[in-house]
1. Scan the range 3-56 for residues that are assigned to a strand (DSSP E or B) and open to solvent by less than 60 Å² (accessible area, probe 1.4 Å) and jot them down.
2. Quick check on this structure: which one of G35, G24, G30 is at positive phi and free of Cβ contacts under 8 Å to residues at least 40 places away in the same chain?
3. Residue check: is Y79 aromatic (F, W, Y), over 18 Å from A7 (Cβ atoms) and touching a residue at least 12 places away in the same chain (Cβ under 8 Å)?
4. Keeping to the range 64-79, report how many residues are farther than 18 Å from G24 by Cβ and open to solvent by 60 Å² or more (accessible area, probe 1.4 Å).
5. Which one of these does S69 not meet: (1) more than 15 Å from M20 (Cβ to Cβ); (2) outside any loop (DSSP other than H, G, I, E, B)?
6. Do we have any residue at all in the range 85-92 that's open to solvent by less than 50 Å² (accessible area, probe 1.4 Å) and not β-branched (V, I, T)?
Amino acid sequence: MRLDGIAVDPESQLRCVMSMPVAGNTQPFGLLHGGASAALAEQAGSVAAFLDYPGRRPVGVDLSIKHLSGAREGRVAGYVSLLSASSRLATYRIEIRAVEQDRADGGALIALAQLSVIFTA
C-alpha cells in the first residue's frame, strides 16, 4: 500500500481538515484500504495536536478506528475535534468522510477514529 496525496486544507472552516484521494490507496478489491484511513486519521489528529499546542511535540500512543462504509473513488477527508486534554495527553476524534463538493460538512461517514497523543517536549 502506498499512501498518497495527504494535504491540509487551510481554507476550510472546519477543524483541521485533511484529505487524500481514494485512488492509489485501495485494497485489492478496489475499496479504500483501512490502513490508509488509519494513516489519514493519525496524521490529521497529530496535526491538530501540533496546532493546539505550539512548541510541543505530539506522539500518537493509541489509535482505534471503526470502518463503517467503503469508498471506491473521489477523495476522503478527516475532520478532527478535541475530546479531552491534560498537560501531557490529548485525545481527538477523527471522522473520515467522503468529500462532496456541495457539502461543507463532508459527505458519507466512512470511518470513525480516536487518537491519543502524548507530548514529548
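The values are calculated or read from the model by the stated rules, or taken from the named source; none is laboratory data. Keep in mind the model is a prediction, meaning the values are calculated, not measured. Virtual Cβ from ideal backbone geometry, glycine too; neighbours counted across all protein chains shown. These area figures cover heavy atoms from the full protein model, side chains too; ligands, DNA and RNA do not enter into them. Shrake-Rupley method; radii C 1.70, N 1.55, O 1.52, S 1.80 Å.
1. Those that are assigned to a strand (DSSP E or B) and open to solvent by less than 60 Å² (accessible area, probe 1.4 Å): A7, M18, S19, M20, P21, T26, L32.
2. G24
3. no
4. Counting residues in the range 64-79 that are farther than 18 Å from G24 by Cβ and open to solvent by 60 Å² or more (accessible area, probe 1.4 Å) gives 3.
5. With (1) more than 15 Å from M20 (Cβ to Cβ); (2) outside any loop (DSSP other than H, G, I, E, B) applied to S69, the lone miss is (2).
6. Checking the range 85-92: at least one residue is open to solvent by less than 50 Å² (accessible area, probe 1.4 Å) and not β-branched (V, I, T).
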